[in-house]
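The structure that follows is given in the form of structure tokens.
The values are calculated or read from the model by the stated rules, or taken from the named source; none is laboratory data. Predicted, not measured: the structure shown is a model, and the values here were computed from it. Note that we place each Cβ from the backbone using ideal geometry, even for glycine, and neighbour counts take in every protein chain shown. Keep in mind that these areas ignore ligands, DNA and RNA; they rest on the heavy atoms of the full protein, side chains included. Shrake-Rupley method; radii C 1.70, N 1.55, O 1.52, S 1.80 Å.
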Amino acid sequence: MSYKWDDNSLKLVVERHQKSLFALVVYLIGGDKNKAYAIAAAVFAETLRSASPLDTDSALLARLAHGAIEKCRDVTAVPSFDDSDFTGSPPVKIGSLRMIRKSLQSLPFDSKALLLLRDQMHLSYNDIAHVLGISENDARLRMTQTRAKLRKAVEEVVAHGG
Amino acid sequence: MADKMALDCEDIKKRLKPFLEDMLAEDEYQAYVCHLNACEKCKDHVGRFGSLSNQLHDLGDIKVPSDFISTVSFNLSEPVAEVPQTPKEKRQRT
């Protein structure tokens, strides 16, 4: 069944989740913000067609994340980041953000998705398990392994001078 | 239904290490994030610690184009948005 969203409810729900969904898509596809904009807007529309304002925030966010991951999976990630979002941050922080971004991009798609779902979107492990179609225990185990992979990737980026 | 857990600024300091290591129970983790989203002081405090989780969180601080809501609304009003629009395509169309 398709719910008819009024302007106010739609504005509220999009404002609440747009930043984390947009960021998820940007990092999954390698930084192309024009493409990310189109994908995120399409995911919102598709998800909201089968959602309603009565859905909990976390359930809606998990559904949005699932839609985004499915849409981004087949997009070839061509790293094309700029530093415009870091404007105003201290130089040391910009350096560390660049480094973590580069390290993240070196990971396989599913590893990136897992890290972004937890550390950017702050989904529960239960929701992450639903989004990725795995068990909660598996999600926790993979997260531990993926964090170790990211740590290693950071070390490699540092070793090669950032 | 159980009440949603709430943490105060003191709780945030006490639970900093397990939060950074993703070792909090799920309800505590969600309450921790909820407090950080509402309290700039704690957000700044926790943000000073350069853990990988914090850095990934900071990466998500991306500006969303201001016309995003209207594009979602437009897509939602279409029967099926087969080809998603980029801002450039949208400008060309209008």
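Per residue of A:109-122, how many C-beta atoms from partner chains lie within 10 Å of its own C-beta, taken as a mean?
On the way: counts 0, 0, 0, 1, 0, 0, 4, 3, 0, 5, 11, 8, 3, 10.
Partner-chain Cβ atoms within 10 Å, mean over residues of A:109-122: 3.
Here's a follow-up. Hey, which lysines would be in cross-link range of A:LYS35, C-alpha to C-alpha under 21 Å, not counting anything within fewer than 8 residues on its own chain?
Within the straight-line cut-off, A:LYS35 pairs with A:LYS19, A:LYS71, A:LYS102, A:LYS112, B:LYS63, B:LYS88, B:LYS90.
Same structure again: Roll a 1.4 Å probe over the protein chains and send me the accessible area per residue for chain A in Å².
48
What is the sum of charges around A:ASN126, taking Lys and Arg as +1, Asp and Glu as -1, for the other residues whose C-beta is under 10 Å from the C-beta of A:ASN126? List each step's numbers first, then the result.
Details: positive: none; negative: A:ASP127, A:GLU136, B:GLU26.
Value of the local net charge: -3.
Please report, as a whole percent, how much of the solvent-accessible surface of chain A comes from carbon and sulfur atoms (probe radius 1.4 Å).
Heavy-atom surface of chain A belonging to carbon and sulfur, 1.4 Å probe: 54 percent.
Using a Debye calculation, one point per C-alpha and no hydration shell, please list log10 I(q)/I(0) for segment B:1-45 at q = 0.34 Å⁻¹ in order.
Each listed q corresponds, in turn, to -1.39.
Placing unit charges on C-beta atoms (Lys and Arg positive, Asp and Glu negative, everything else neutral), compute the dipole magnitude of chain A about its Cα centre in debye, rounded to 20.
Details: 22 positive and 19 negative charges, 76 e Å.
For chain A, the charge dipole is close to 360 debye.
Could I ask something else about it? Based on the alpha carbon coordinates of segment A:54-93, what radius of gyration and maximum Cα-Cα distance (Dmax) apply, in Å?
When restricted to Cα atoms, segment A:54-93 yields Rg and Dmax of 16.0, 43 Å.
Order A:59-66, A:46-53, A:148-155 from most to least packed using the mean count of other Cβ atoms within 10 Å.
Ranked from most to least packed, the peptides come out as A:59-66, A:46-53, A:148-155.
For the protein assembly as shown, what does -39500 (n - 2.57) per DSSP helix run (n ≥ 4), summed and divided by total residues, give at 222 nm, in deg cm²/dmol to the nearest 500?
-20000 deg cm²/dmol
Right, something else. Taking a cut-off of 22 Å between Cα atoms, list the lysines near B:LYS14, but don't count ones fewer than 8 places away on the same chain.
Within the straight-line limit of under 22 Å, B:LYS14 reaches these lysines: B:LYS4, B:LYS41, B:LYS43.
Provide a whole-number value for the mean count of partner chain Cβ atoms within 10 Å of the Cβ atoms in peptide A:29-39.
Average per residue, whole number: 4.
Another question, then. Cross-link partners among aspartates and glutamates for A:LYS149, C-alpha distance below 17 Å, same-chain residues fewer than 8 apart left out?
Partners found: A:ASP110, A:ASP119, A:ASP138, B:GLU21, B:ASP22.
Counting protein heavy atoms only and a 1.4 angstrom probe, how many square angstrom of accessible surface do chains A and B bury in total, to the nearest 100?
Values: alone 9500 and 7960 Å², together 13730 Å².
Interface area, both chains combined: 3700 Å², rounded to the nearest 100.
State the dimensionless ratio Rg/Rh of segment A:30-78 (Rg: radius of gyration of Cα atoms; Rh: Kirkwood radius). Walk me through the numbers before you get to the answer.
Numbers: Rg = 11.7 Å, Rh = 11.4 Å.
Over the Cα atoms of segment A:30-78, Rg/Rh equals 1.02.
Of A:LEU97, A:ASN126, A:ALA38, whose Cα points farthest to the positive end of the dipole of the protein assembly as shown (charges on the beta-carbon: +1 Lys, Arg; -1 Asp, Glu; origin at the Cα centre)?
A:LEU97
Please compute the length gained on full extension between A:ALA59 and A:LYS4, using 0.36 nm multiplied by the number of residues separating them and subtracting their Cα-Cα distance.
This chain segment gains 17.9 nm when fully extended.
Round to the nearest 10 and report in Å² the accessible area of B:GLU26, as given by a 1.4 Å probe over the protein chains' heavy atoms.
My reading of the accessible area for B:GLU26 is about 40 Å².
Moving on to the next point. Where is the GNM fluctuation largest for chain A (alpha-carbon springs, 10 angstrom cutoff): A:THR87, A:THR76, A:THR56?
A:THR87
Moving on. What do you get for Rg/Rh over segment A:81-139 if you use C-alpha atoms and the Kirkwood form of Rh?
Value, to two decimals: 1.10.
Using Stokes-Einstein with the Kirkwood hydrodynamic radius over Cα pairs, what translational diffusion coefficient do you get for chain A at 25 °C and a viscosity of 0.890 mPa s, in µm²/s rounded to a whole number?
Details: Rh = 16.7 Å.
The estimated diffusion coefficient comes to 147 µm²/s.
Can you tell me the convex hull volume per residue for segment B:1-81, based on C-alpha atoms, in Å³ to the nearest whole number?
Looking at segment B:1-81, the number lands at 165 Å³ per residue.
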